[in-house]
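Below is one structure, written out as structure tokens; comments come after it.
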Amino acid sequence: MEFLTIGAFAKAARLSPKALRLYDELGLLPPAAIDNVSGYRFYDPSQLDRARLIAWLRRLGMPLARIRAVVGLDDDAAAAEVSAYWQEVLTDTTERGHLADFLVDYLAGRGGATDATAGFGLRYAARTDVGRVRQTNEDVAYAGHRLLVVADGVGGRAGASASAAALAALKPLEAQAIRPPDLETALAEAVADAQQAVREIDDTGDQGEAVTTLTALLWSGSRIAMVHIGDTRAYRLRDEGLVQLTHDHTWVQSRVDDGSMSIEEAARHPRRALLSRALAGSGHRPDFATHDARAGDRYLLCSDGLSTVVEATAMTAVLSRRTSPDDTVGELIELAHDAGAPDNVACVVADVVTL
Ligand code: MN
């Protein structure tokens, strides 16, 4: 048997002599022989397999202590251990990716975060009210730490089922740690699920046609993805005042858009509730948009039960007082009641806050 010098062995194993000395000290790969007089280390060529395995595991980034365990295992067990290690690396990398995304936004002064550890969050409240005239409530309202939804079901039981189904399809978004680049895609997929759910209510048949409006915001870091169809609305209160983020899909709004009707005429028109687009079995296309979000932003989502009976100036006044979201929602519903509350009212208020 021909021993190799440490230099020749290192070259064959693609390791440095320095690394070989370290592996010796750690008990990973002791030399086959050491010259008593000179102290030179010699390696047996049969040690090359183990040396190469150690080199590969090092390139994988595996800690030395763990490498010691792996090289002591038979091949099958070693393979399983490498696989388990790599899964841990992938999980850890994903988590650190989320942190990196947050830090980029944070350091760039875009001030936002997906969770409380980042110093920002959403404070929110959601409520629906049957109003003073209707016997049933087909509106739904939901607010969570990253998802805000209002939907106004059209008609009786089928409408109530449709708005509830739309909300149920979106709610799983709340539990997912969605990164800002994936926000729009995740929302679009959930909306496709909502459309399918509404279609299935139609297919069951006995409730009449299932139709609902849908307005929802999905928040992550400094971004908000929005979906909108029908005449429910989203507004944002910021320095410049109250801005309506959605465009009504109503017959009167299309008359306003083509110049054949004034905004005042539209507001008083008897057919003002007639929808030009809605989430229904026939599958109209919703609007999707993305907005930046800042600390201090206040968002309002509401159904037409609020926006058609309460003037924008009155809503702005209530929102600008900056009482808690819960109190604000209560005050807005009270305004609708003062105006007769002829329809169901859905209302969500959310503040982007520094914690
Ligand atoms: Mn309504």
How do the pairs read when you match residues in the range 259-273 that are open to solvent by less than 60 Å² (accessible area, probe 1.4 Å) with residues anywhere that are modelled with pLDDT of 90 or more and away from the ligand (no atom under 16 Å from the Cβ), using Cβ under 6 Å and keeping only pairs 6 or more apart or on different chains? 261/255; 266/256
Does residue 290 meet the test of being out of contact with any His (no Cβ under 8 Å at 6 or more places or on another chain), open to solvent by 30 Å² or more (accessible area, probe 1.4 Å) and within 22 Å of residue 333 (Cβ to Cβ)? no
Selection within the range 17-36 - at pLDDT 90 or above and in a loop (DSSP other than H, G, I, E, B): 29, 30, 31, 32
Test set (1) away from the ligand (no atom under 16 Å from the Cβ); (2) open to solvent by less than 70 Å² (accessible area, probe 1.4 Å); (3) at pLDDT 95 or above; (4) assigned to a helix (DSSP H, G or I) - residue 201 fails condition number: (3)
Collect the residues in the range 202-252 that are among the polar types (S, T, N, Q) and under 31 Å from the mean Cα position of the chain (by Cα), keeping them in residue-number order. 212, 213, 215, 220, 222, 232, 244, 246, 250
Name every residue in the range 1-36 that is open to solvent by 60 Å² or more (accessible area, probe 1.4 Å), within 20 Å of residue 68 (Cβ to Cβ) and of a type outside the set (Lys, Arg), in order of residue number. 22, 25, 30
Yes or no: residue 39 open to solvent by less than 50 Å² (accessible area, probe 1.4 Å), over 30 Å from residue 89 (Cα atoms) and either not in a helix (DSSP H, G or I) or not β-branched (Val, Ile, Thr) (or both)? yes
Here are some residues: 125, 141, 118. Which one is surrounded by 14 or more Cβ atoms within 10 Å (Cβ to Cβ) and at pLDDT below 90? 118
Selection from the range 144-154 of residues open to solvent by 30 Å² or more (accessible area, probe 1.4 Å) and within 11 Å of the ligand (Cβ to nearest atom) yields 154
Applying the selection to the range 165-187, what residues are assigned to a helix (DSSP H, G or I) and open to solvent by less than 50 Å² (accessible area, probe 1.4 Å)? 165, 166, 167, 169, 170, 173, 174, 180, 183, 186, 187
Write out, first by first residue and then by second, each pair whose Cβ atoms fall under 7 Å of each other, whose residues are 6+ apart or on separate chains, and whose first residue, in the range 333-351, is open to solvent by 20 Å² or more (accessible area, probe 1.4 Å) while the second is outside any loop (DSSP other than H, G, I, E, B) and within 12 Å of the ligand (Cβ to nearest atom). 343/304; 343/305
Would you check if residue 133 is within 19 Å of residue 325 (Cα to Cα) and away from the ligand (no atom under 11 Å from the Cβ)? no
Here's a check for you: in the range 64-113, which residue that is at pLDDT below 70 and touching a Lys or Arg at 6+ places or on another chain (Cβ under 7 Å) is surrounded by the most Cβ atoms within 10 Å (Cβ to Cβ)? 111
Output for the range 120-130, where each listed residue is farther than 19 Å from residue 171 by Cβ, out of contact with any helix residue (DSSP H, G or I) (no Cβ under 6 Å at 6 or more places or on another chain) and within 16 Å of the ligand (Cβ to nearest atom): 130
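The values are calculated or read from the model by the stated rules, or taken from the named source; none is laboratory data. Predicted, not measured: the structure shown is a model, and the values here were computed from it. Backbone-built Cβ (ideal geometry, glycine too); neighbour counts: all protein chains shown. These area figures cover heavy atoms from the full protein model, side chains too; ligands, DNA and RNA do not enter into them. Shrake-Rupley method; radii C 1.70, N 1.55, O 1.52, S 1.80 Å.
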